[in-house]
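Have a look at the structure below before the remarks.
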Amino acid sequence: MKKKIIFTIPFNNRHTTPAAGEPGWIRWRLGIFMRYTLRSLMKQESQRFQAFVFIRPESEAFIRAELKQHPPLPDHVAFVTKAEYERRVAETVQGFDLLYEANLESDDMYHRSFVRLLENHVPKKLPVLLIPQYGYVYDSVQSRLARFFFWAPSFLTAVHPTEDWLAGRRIALPRGYVSALTAPREFIGIRRPLWINHVHSDNTGVSWNRMEVWKLKGYNDAFSIPPWNNASRKAAHFGPEITNKHMIPRILDEYC
């Protein structure tokens, strides 16, 4: 089956804080996007994808002006409003059987083999949500890296028959990512780290100190935990931290 792979990347479209529309916030986060997320996209072993970065309509003029302060974006990466995204995807999926929508936060990263993994993937059912529960947490301020397991990460890929997506029949996540284990699902990359959750000074959702206490009883290594398929209980495990400082840049090089 012919498939189209698309990255959906929230930038400031869904932030409830007024700061996400302010010039200082936008400049700072654009720098993070360029340094980490865009580099992760460009490092993918397969470049057969399109990436759309979602912006608030009222911020569009300022964001486009700020983008001119950076090197030009590749042709297959675009900053768009949500309405423009719907239109452009409807055009680009013509002639494809399946649409893979892979979420990527605008400060995070995927392993360079991720697009290739999606290209080789054969869905067992449709529609389906692909869940990779294994990755790393990286603090770029402290230059610290640790293994990480998370039951419902933001790194989700929704796979739809193209005709379903165009008709508006899509996997519903009523409570966002935490609804992942209530949707039709498939675990991918089992015990294989596919993503990096990036913690930095402008990161308001999580922090290294908050995450490092997340442990699952009976486990020392996040990558030794079997897939978590219990929608009624949360499960996250931090660690071990990578203490060999020479290993950190080597691992990061696989992602960005």
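A short reminder: the numbers here are calculations on the coordinates, not readings from a lab. Just so we're clear, the structure is a prediction, and the values are computed from it rather than from any experiment. Methodologically, a virtual Cβ is constructed for each residue, glycine included, from the backbone with ideal geometry; neighbour enumeration extends over all protein chains shown.
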- Message: Can you report the number of residues in region 82-102 which are crowded, with 17+ Cβ neighbours inside 10 Å and of a type outside the set (Gly, Ala, Ser)?
- Response: 7
- Can you tell me which residue in region 182-201 is farthest from Pro226 (Cα to Cα), limited to those that are outside any strand (DSSP E or B), within 17 Å of the chain's Cα centre (by Cα) and of a type outside the set (Val, Ile, Thr)? His200
- Can you pull out the residues in region 41-55 that are within 15 Å of the chain's Cα centre (by Cα), in a loop (DSSP other than H, G, I, E, B) and closer than 20 Å to Ala90 by Cα? Phe49
- Would it be correct to say that Glu105 is in contact with a helix residue (DSSP H, G or I) (Cβ under 9 Å, 6 or more places away or on another chain), touching a residue at least 12 places away in the same chain (Cβ under 8 Å), surrounded by 15 or more Cβ atoms within 10 Å (Cβ to Cβ) and in a strand (DSSP E or B)? no
- Task: Write out, first by first residue and then by second, each pair whose Cβ atoms fall under 6 Å of each other, whose residues are 6+ apart or on separate chains, and whose first residue, in region 1-26, is more than 18 Å from His200 (Cα to Cα) while the second is among the polar types (S, T, N, Q).
- Result: Ile6/Gln50; Thr8/Asn103; Gly21/Ser59
- Item | Residues that are over 14 Å from Pro74 (Cα atoms) and surrounded by 19 or more Cβ atoms within 10 Å (Cβ to Cβ), drawn from region 34-58 | Tyr36, Ile55
- Note on Ile6: of the conditions (1) more than 28 Å from Asp253 (Cα to Cα); (2) in contact with a helix residue (DSSP H, G or I) (Cβ under 7 Å, 6 or more places away or on another chain); (3) surrounded by 15 or more Cβ atoms within 10 Å (Cβ to Cβ); (4) aliphatic (A, V, I, L, M), unmet is (1)
